[in-house]
Amino acid sequence: TDVYGENSGHTGAAFLTIPVDAAGLARGTTSLIPDHDATALLSSIATTSLMDSRCFAASHLQWLLDLRKEFVAACFPVTHIGTIGFAGQLFTLGDQPYSRDIDEKPSTPAFSEFSLTGAFARELVPNLLSAGIAGSYVESRLDNTSARTFDVSGDILLRRKWMRLKASCAH
């Protein structure tokens, strides 16, 4: 807030790093171990190229202080083309009975954040090299002020029987 207690700015947070499943919560957000299901769409896009059947994922997380996150994802492998994936997330704030503004008066904060993601992954060299790219639209809304951003990320996965090496970038 500014010196008068009003909103002075806002940002589009890339909350895509918040874990969407129990394994992600256990390993933390820096883990390089991909899940072999539709949740890998956000953490290891190239891994989805290895799928041989359709995968779907949906989850609901609820933290203390009534923070909630809904997540859905789907991956569709297409023979000789690659894997097409879609995901969506919604992060909301529930009732906050003890919230106060800068003047210590009771307040009712309004916050939501959502994203929509589309991805494509393909095995470039069978059983050796895979690549994936994803684009995400993220919108944050804080007290009737919104911020929007578009995120592009990609990764390459090199795999051998005894090793997996992943390189990724995002903007």
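Here are some notes:
- Peptides 73-81, 48-56 ordered by average Cβ neighbours within 10 Å, highest first: 48-56, 73-81
- Checking every one of the chymotrypsin sites (Phe, Trp or Tyr not before Pro) in region 70-171 against DSSP loop status and a limit of 12 other Cβ atoms within 10 Å picks out 98, 162.
- Each residue of region 115-162 gets 71 Å³ once the volume of the Cα convex hull is shared out per residue.
- Loop GluC sites (Glu not before Pro), region 66-171 (other Cβ atoms within 10 Å of the site Cβ: 13 or fewer; DSSP): 104
- Global form of region 39-171, assessed from the alpha-carbon gyration tensor, a/c cut-off 1.5: prolate
Every number in this text was worked out from the coordinates using simple rules, so none of it is lab data. Bear in mind that the values here come from a model prediction, so they are computed numbers and not experimental data. Because the Cβ atoms are built from the backbone with ideal geometry, glycine has one as well, and the counts that use them run over all protein chains shown.
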